[in-house]
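Please read the structure below before turning to the comments.
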């Protein structure tokens, strides 16, 4: 095994990763910490799949914050292509350059000049590869399942060789290998080629204890008993089979923050009814959870 | 006290790790050489005598889906709890023991589940998952003719155009439309920066996004051959297609279609459906689909339910499940193998309940027809 550089914040162990992320108020279990540690040390991209709102994006932010690295985020969407993710030529400036020098330069000179790095607009992937410094940048490729299959093809060279080829300039190689985190909500199956290049982790819904811990870390003003009440209610709600969209941790945090802002100290039927829209994001779910069902959920042990 | 056997150290680890990889492959987890190398590198970094750390390293490097994780967990416990390497079943043609993947199809995107108990009874139960209320009848997948396949493909392409009419985020060059400033500027470089000719662009229609729910219960047995041809064609023609087989339970079988020609997929599916039988529970299966794969549904998704509508489940639940499905997706199409028959009326309880939530009730025979209605009308037959 070659001696690969790792971020100083993470030392050389899984425990160090857990501690560093804990300082960033990110509650992490050993499995995910091992995945992050191996991604750092093996310089392999980490693909994280899981339920929406359960901390896939947050871990990239926490890793960047913990190591003092720059977080470079690429939000995927249908139609994302090389010009939005990798690089693009700055056409207006190229035109201006041509106009300015059309009399004192030859065509060949102009061509060489306008296709130089000076006129290159760097998009997130290229910026991540060009990162220079003692700390590896964190590249977050978020919700990759939203992008087209063609975009996965584009990523292959970037993720396996950490280089990109710009025909007019040549191949640009990363001097500092970025820490790459890819996330997916599994709305479609990602290609085998991309999976083969990545380490893999899955984040499901947290246990009640973990959710209480998350609430306490993220909302320090929340009393312990109230955090337990909230987590217990959300856990029971998640267990309902007829929900179209189960609330994630992000929804729990929003809801708890809203209850705190309203000055609540414990779960009351009225306040739950009024704020249920923060937990349930589907109109049919909201409709079906009227007073009686909510009361039975609140009353459950 | 129940103690784990001593963990092997040194060179023995390598041979046992290799055995572990072979065991995983036999269970249908696709572990490549690169993943094995990754595990080797990972084991340099974590203490191999630390069992939880070793397990996590295996999970991170070898698994590539939630289904892989679930399999890896129980194979890990089984393999690393015994002092000797668990032998991999023989793979000779004659006495071939089908692995889990061969018996159950490709792993779907099920969330990690609790490890199943290691008993033979459970394996028997999994074998009969489609037909707990009827003996397995099997499905003989009679091949359709090449000309019929060609006609099906043409029909599927027409269907693709019909279900992909919304404008997407993609842009493409077009003779008319909005002015493409970037392309115009780039083209002007050829003429010294003069904007001699304007380029235009337009939005490309969003790609069809299809989910096929295919009833493979006993009552569908005689139609399975043509229906398989239809499902295979839809999967081949429409790139974003996921296929789920259901009867009493539902599971994803997209992997069996992936990259497989019709001729190659046919025998594999025949073997795969050998243990299926009667006892359809459509409502239950739709509920399971929503719970486990609900995230695959988008507002642009077209859901195609291929079923005869013979259902043993609760029709009220079916109504609410279909209403949800209709609410979440662009359209719901029901393909009934009997719909083309003369005098057909949707008389089964399930179809009666389903009709208000359908955009189209079609027959497999409607797909090859060149003149299908342009607009999908709710509850209308293809020909009507």
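Observations on the structure shown:
Every residue, every condition in (1) touching a helix residue (DSSP H, G or I) at 6+ places or on another chain (Cβ under 8 Å); (2) outside any helix (DSSP H, G or I); (3) more than 30 Å from residue A:67 (Cβ to Cβ), yes or no:
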site: A:92; (1), (2), (3): yes, no, yes
site: A:95; (1), (2), (3): yes, no, yes
site: A:99; (1), (2), (3): no, no, yes
site: A:104; (1), (2), (3): no, yes, yes
site: A:113; (1), (2), (3): yes, no, yes
site: A:121; (1), (2), (3): no, yes, no
site: A:126; (1), (2), (3): no, no, no
site: A:133; (1), (2), (3): no, yes, no
site: A:136; (1), (2), (3): yes, yes, no
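- Candidates B:45, B:39, filtered to the one that is facing chain A (nearest Cβ under 9 Å) and modelled with pLDDT of 85 or more: B:45
- Test: residue in segment A:167-178 that is without any contact (Cβ under 8 Å) to a residue 40 or more places away in the chain and within 30 Å of residue B:194 (Cβ to Cβ): yes
So that you can scan it fast, the table gives a plain yes or no per residue for (1) at pLDDT 50 or above; (2) within 10 Å of another protein chain (Cβ to nearest Cβ):
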site: B:49; (1), (2): yes, no
site: B:63; (1), (2): yes, yes
site: B:102; (1), (2): no, no
site: B:108; (1), (2): no, yes
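- Single match in A:154, A:140, A:222 (criterion: touching a helix residue (DSSP H, G or I) at 6+ places or on another chain (Cβ under 9 Å), farther than 30 Å from residue A:257 by Cβ and either surrounded by 15 or more Cβ atoms within 10 Å (Cβ to Cβ) or free of Cβ contacts under 8 Å to residues at least 12 places away in the same chain (or both)): A:154
- For segment A:267-301, filtered to residues that are in a loop (DSSP other than H, G, I, E, B) and in contact with a helix residue (DSSP H, G or I) (Cβ under 6 Å, 6 or more places away or on another chain), the residue that is farthest from residue A:248 (Cα to Cα) is A:300.
- Single residue of segment B:323-334 satisfying the filter (away from every other protein chain (no Cβ under 13 Å) and in contact with a helix residue (DSSP H, G or I) (Cβ under 8 Å, 6 or more places away or on another chain)) that is farthest from residue A:282 (Cα to Cα): B:334
- Residue check for residue B:157: over 30 Å from residue B:293 (Cβ atoms), in contact with a helix residue (DSSP H, G or I) (Cβ under 9 Å, 6 or more places away or on another chain) and at pLDDT 80 or above: no
- Inspection of segment A:186-198 finds no residue satisfying the criterion of being modelled with pLDDT of 95 or more, touching a helix residue (DSSP H, G or I) at 6+ places or on another chain (Cβ under 6 Å) and buried (at least 21 other Cβ atoms within 10 Å of the Cβ).
Conditions (1) assigned to a strand (DSSP E or B); (2) buried (at least 16 other Cβ atoms within 10 Å of the Cβ); (3) in contact (Cβ under 8 Å) with a residue 40 or more places away in the chain, marked per residue:
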| position | (1), (2), (3) |
| --- | --- |
| B:151 | no, yes, yes |
| B:157 | no, no, yes |
| B:171 | yes, yes, no |
| B:186 | no, no, no |
| B:194 | no, no, no |
| B:197 | no, no, no |
| B:204 | yes, no, no |
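- Checked against (1) farther than 20 Å from residue B:35 by Cα; (2) surrounded by 15 or more Cβ atoms within 10 Å (Cβ to Cβ); (3) within 14 Å of chain B (Cβ to nearest Cβ), residue A:201 meets all criteria but (1).
- Hey, residue B:243 modelled with pLDDT of 80 or more, within 12 Å of chain A (Cβ to nearest Cβ) and touching a helix residue (DSSP H, G or I) at 6+ places or on another chain (Cβ under 6 Å) or not: yes
- Selection within segment A:71-95 - at the interface with another protein chain (Cβ under 9 Å from one of its Cβ atoms) and loosely packed, with under 15 Cβ neighbours inside 10 Å: A:77, A:83, A:92
- Filter pass, residue B:319 being surrounded by fewer than 20 Cβ atoms within 10 Å (Cβ to Cβ) and within 19 Å of the chain's Cα centre (by Cα): no
- Residue in segment B:284-301 that is away from chain A (no Cβ under 14 Å), under 23 Å from residue B:220 (Cβ atoms) and either crowded, with 19+ Cβ neighbours inside 10 Å or at pLDDT 90 or above (or both) present: no
- The one condition from (1) within 14 Å of chain A (Cβ to nearest Cβ); (2) touching a residue at least 24 places away in the same chain (Cβ under 8 Å) that residue B:228 does not meet is (1).
- For segment A:22-39, a residue qualifies if it is at the interface with chain B (Cβ under 9 Å from one of its Cβ atoms) and either more than 17 Å from the chain's Cα centre (by Cα) or surrounded by fewer than 18 Cβ atoms within 10 Å (Cβ to Cβ) (or both), and the qualifying residues are A:30, A:31, A:34, A:38.
- Residue match in segment A:248-265 (condition: surrounded by 15 or more Cβ atoms within 10 Å (Cβ to Cβ), within 14 Å of another protein chain (Cβ to nearest Cβ) and modelled with pLDDT under 95): yes
- Residue within segment B:213-222 that is at the interface with another protein chain (Cβ under 10 Å from one of its Cβ atoms), surrounded by fewer than 16 Cβ atoms within 10 Å (Cβ to Cβ) and either under 25 Å from residue B:268 (Cα atoms) or in contact with a helix residue (DSSP H, G or I) (Cβ under 7 Å, 6 or more places away or on another chain) (or both) present: no
- Any hit, segment A:222-240, residues being outside any helix (DSSP H, G or I), out of contact with any strand residue (DSSP E or B) (no Cβ under 9 Å at 6 or more places or on another chain) and modelled with pLDDT under 90: yes
- In this structure, residue A:144 does not satisfy being within 14 Å of chain B (Cβ to nearest Cβ) and at pLDDT below 90.
- Pick from segment B:65-77, criterion part of a helix (DSSP H, G or I) and at the interface with chain A (Cβ under 9 Å from one of its Cβ atoms), ranking: surrounded by the most Cβ atoms within 10 Å (Cβ to Cβ): B:69
- Checklist (1) away from chain B (no Cβ under 14 Å); (2) surrounded by 18 or more Cβ atoms within 10 Å (Cβ to Cβ); (3) assigned to a strand (DSSP E or B) applied to residue A:165, failing item: (2)
- Flag if residue A:211 is surrounded by 13 or more Cβ atoms within 10 Å (Cβ to Cβ), in contact with a helix residue (DSSP H, G or I) (Cβ under 8 Å, 6 or more places away or on another chain) and in a helix (DSSP H, G or I): yes
The values are calculated or read from the model by the stated rules, or taken from the named source; none is laboratory data. This is a predicted model, so every value here is computed, not measured. Cβ: placed from backbone, ideal geometry, glycine included. Neighbour counts: every protein chain shown.
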